[in-house]
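*Asks:* One structure coming up, written as structure tokens, with questions to follow.
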Amino acid sequence: MKAIILPFRQAGELIPFRFLCPDFLIPLVGKPVVEHLIEQLVSCGVLDVALLCDDRPDEVSSCFGNGERWGCSVKIAPVRESVKLDRLLSAALHGVQGMVLCLPGNLVLSSGLDLFLARAAENPERITSSAAFSGCRILAADAAILGNITKETSFDSVDDFLEAARVKGIPVSAMETGDLVRLITAPADLLGVQRDILEERLPGIRIPATKADSGIWIGNHTDIGAEACLIPPVMIGSYSRIIGSCQVGPNAVIASHCLVNNSDLIEESIMMSGTASGPHTELNGVAARGSALLNLKNGVMVTAPDAFILGKVGAEAERLMPNRLLDAVAAFFLFVLLTPLALPLFLLSLVIPGMSRVTHGNGNLRMKSLSGEHRRLPFMSREFTCGPILLCRWLGLVQVITGHL
């Protein structure tokens, strides 16, 4: 079976999102909406997927590639935004044989697709349609039947297509899709669907993170400060950093390779990959990518005036964050003061190479869990010091100045 994913034709309110990314790359819990759809198709055995893309197909192609990572074939078909649906389907069906599944790209499926495909396969001579929800339908039929209708009839919506099929005497059967289906037609829909996924009310959606606590999802190689407070539902993507006493959540998603700084407040928001927020920044009800901000409630787009407030993550930008900048300045002055002592200390370590010591200590660690609960854990520490301690610290200052520590 071949799947044809249609453009976001019935989602005009999502047009402001195009300032942040193409339609097919709109983020949902750390991944594009269409990627969730592809995963559902592959799990149901649909391994041939075509994306009819009318918004920056080159970026979409670089993101999805040829579908090898999902074990399927993904082809990007660039189309013009003004082309009617009948011409889109006619071009997409050229040379296709067998059953075809047509579905919109702004659809979020949790389950039920396998049952829908099984019913469609039982009746290849008719068109199987999902019951309408929010003006959206899923279609499955033989490519020859769909091709004949697209060649002889003009239409610009799935409902018009089904009406044309009935006029031609082609049987159409409808199937209920249940409650585990969502359609994203406006930016505000993202927050609702995002909360449903994080709270596991749409269990068929795979979250690209590990469940660390109830409603808290953490990606790989993520650094979360001891003073950070995570309020569920929340997801932190891989290779991200949460610094200082900030609050993330509720209903917040920090994508991969992001930086949340000290005293920040991120709630009811989406930070897209590669975004860095400066100290004391508050994000509420927005989607952010670099310095661009989209209000998810009214669709208003603004740009942050200063990279220290909101910007892109980079080695240079992170190194110049205020706290790191002060550390580097202090380390530089200490480095200058200790430089005259470096040579005699080095010679002393050569003369007495065996000068070392091990110290032991016991204590209680007051640790805060991801949900905010404080716990006390006993621990024993061992510290091994070799050579003059000032010489060891002198080498560490170089790393602080260069931004490696």
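*Asks:* Only residues that are within 16 Å of A131 (Cβ to Cβ), of a type in the set (V, I, T) and surrounded by 17 or more Cβ atoms within 10 Å (Cβ to Cβ): list them for the range 162-177, please.
*Replies:* Scanning the range 162-177 gives a single hit, T177.
*Asks:* Which of (1) of a type in the set (G, A, S); (2) surrounded by fewer than 18 Cβ atoms within 10 Å (Cβ to Cβ); (3) closer than 29 Å to P22 by Cα; (4) touching a residue at least 12 places away in the same chain (Cβ under 8 Å) does S110 not meet, given it meets every other one?
*Replies:* (2) is the only condition that S110 fails.
*Asks:* Still on this model: Here are some conditions: (1) open to solvent by 10 Å² or more (accessible area, probe 1.4 Å); (2) in a strand (DSSP E or B). G95 meets all but one. Which one does it not meet?
*Replies:* Condition not satisfied by G95: (2).
*Asks:* Is it true that D156 is touching an Asp or Glu at 6+ places or on another chain (Cβ under 9 Å), open to solvent by 10 Å² or more (accessible area, probe 1.4 Å) and in contact (Cβ under 8 Å) with a residue 24 or more places away in the chain?
*Replies:* Yes.
*Asks:* Another one. From the list L14, L52, L20, L25, which one is farther than 17 Å from A287 by Cβ and open to solvent by less than 40 Å² (accessible area, probe 1.4 Å)?
*Replies:* L52
*Asks:* Which members of the range 285-317 meet the condition of being among the hydrophobic types (A, V, I, L, M, F, W, C) and not in a loop (DSSP other than H, G, I, E, B)?
*Replies:* Of everything in the range 285-317, those that are among the hydrophobic types (A, V, I, L, M, F, W, C) and not in a loop (DSSP other than H, G, I, E, B) turn out to be V286, A287, A288, A292, L293, L294, M301, V302, L310, A315, A317.
*Asks:* Quick one: N123 ticks every box in (1) under 22 Å from V46 (Cβ atoms); (2) modelled with pLDDT of 90 or more; (3) surrounded by fewer than 16 Cβ atoms within 10 Å (Cβ to Cβ); (4) not β-branched (V, I, T) bar one, so which box is it?
*Replies:* Failed condition: (2).
*Asks:* Still on this structure, I have one more. State yes or no: is D327 in contact with a helix residue (DSSP H, G or I) (Cβ under 8 Å, 6 or more places away or on another chain) and open to solvent by 10 Å² or more (accessible area, probe 1.4 Å)?
*Replies:* yes
*Asks:* Now for a separate question. Please determine, by comparing only the residues of the range 126-144 that are of a type outside the set (F, W, Y) and surrounded by fewer than 17 Cβ atoms within 10 Å (Cβ to Cβ), which one is farthest from V33 (Cα to Cα).
*Replies:* My answer is A144.
*Asks:* Which one of these is at pLDDT 90 or above, in a loop (DSSP other than H, G, I, E, B) and open to solvent by less than 10 Å² (accessible area, probe 1.4 Å): V34, V100, V46?
*Replies:* V46
*Asks:* What number of residues within the range 65-91 are open to solvent by 20 Å² or more (accessible area, probe 1.4 Å), in a helix (DSSP H, G or I) and closer than 25 Å to I145 by Cβ?
*Replies:* Matching residues across the range 65-91 total 3.
The values are calculated or read from the model by the stated rules, or taken from the named source; none is laboratory data. Remember, predicted model here, so these are calculated numbers, not experimental data. Virtual Cβ from ideal backbone geometry, glycine too; neighbours counted across all protein chains shown. All accessible areas refer to the heavy atoms of the entire protein, side chains included, with ligands and DNA or RNA removed. Shrake-Rupley method; radii C 1.70, N 1.55, O 1.52, S 1.80 Å.
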